[in-house]
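The values are calculated or read from the model by the stated rules, or taken from the named source; none is laboratory data. Worth saying up front: this structure is predicted, and the values here are computed from it rather than measured. Ideal geometry is used to build each Cβ from the backbone, glycine not excepted, and the neighbour counts take in all protein chains shown.
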Ligand SMILES: [Zn+2]
């Protein structure tokens, strides 16, 4: 990731309201945030911005290393 893109991403993350990519709820300032790997590292996902989405830390822990399709199937049971 080049420096210009990194800075742009940081600014966008600071300005825009953040929503959890897993549960869809807003991430409030008093909640712990983490970056979800959309495609888990275990399945060959990368650490690039295109594969990283903001998420509540607890939601990311629950999602663990499930692929997006696998997680969507089990999401109704979790939420
Ligand atoms: Zn969440």
Quick one: is residue 75 in contact with a helix residue (DSSP H, G or I) (Cβ under 6 Å, 6 or more places away or on another chain) and within 15 Å of the ligand (Cβ to nearest atom)?
no
Find the residue count for the stretch 22-35, including only residues that are within 12 Å of residue 63 (Cβ to Cβ) and either near the ligand (Cβ under 9 Å from one of its atoms) or without any contact (Cβ under 8 Å) to a residue 12 or more places away in the chain (or both).
2
Can you tell me which residues in the stretch 51-72 are assigned to a helix (DSSP H, G or I) and either within 14 Å of the ligand (Cβ to nearest atom) or at pLDDT below 90 (or both)?
57, 58, 59, 60, 61, 62, 63, 68, 69, 70, 71, 72
